[in-house]
Amino acid sequence: MASALDHPPPSKVANVNRTPLSHLSDEVLRREIKSSTVDEKNATAKLILRIAEYCHRKLYLQDGFPSMRAYCIGELELSPDEAAKRIQVARAGLRCPGVFEALAERRIHLTGMRILAPHLTPENAEELLSPPSASRGRTCPPRSRPSRRTSPRLRPTNVPRGTLCHPK
């Protein structure tokens, strides 16, 4: 005698390997994944700006949290790493002009800004955060797109290990 566990309900079998977006055409999915990335980066930039202002006003104390980190983890439900990254970048934005704009304009991503943040000063922020220009150039080559036939690489193969991208 077969039990109900031997045969899952038909609705469960029909949705194997499917998502709520399975109905989208390839073209629509390609377009929406790109716009979702832009939306996420915009939302992250807005969140960083709000964390900076909230931290500056020390509202976390009024809300019963001993630190901005505790607030981000307890109230915003960020992981400890997510909280640390956003707080570090937010504080860099309070110290240095251009941080919030560079994030909002997607000239640098959150992780890149976190790496750059300890090195930013009010004196060097404009130079380090300004968009690259043809006249100024960069010492590292532009990102190359990996071939579909090869495995993706994290850096172009013609860039030696340890090379940093700095303005000339």
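Conditions: (1) within 29 Å of residue 105 (Cα to Cα); (2) modelled with pLDDT of 95 or more; (3) surrounded by 10 or more Cβ atoms within 10 Å (Cβ to Cβ). Residue 38 meets all but one. Number of the miss?
(2)
Looking at 83, 90, which one is part of a helix (DSSP H, G or I), modelled with pLDDT of 95 or more and more than 22 Å from residue 131 (Cα to Cα)?
83
Run down 24, 61 and say which single residue is over 16 Å from the mean Cα position of the chain (by Cα), modelled with pLDDT under 95, surrounded by 11 or more Cβ atoms within 10 Å (Cβ to Cβ) and more than 27 Å from residue 107 (Cβ to Cβ).
Being over 16 Å from the mean Cα position of the chain (by Cα), modelled with pLDDT under 95, surrounded by 11 or more Cβ atoms within 10 Å (Cβ to Cβ) and more than 27 Å from residue 107 (Cβ to Cβ) holds for just one of 24, 61, which is 24.
From 50, 18, which residue is modelled with pLDDT under 90 and either of a type in the set (D, E, K, R) or in a loop (DSSP other than H, G, I, E, B) (or both)?
Matching residue, one of 50, 18: 18.
The values are calculated or read from the model by the stated rules, or taken from the named source; none is laboratory data. These numbers were taken from a predicted model, which means no experiment stands behind them. Every residue, glycine among them, receives a Cβ derived from its backbone with ideal geometry; neighbour counts consider all protein chains shown.
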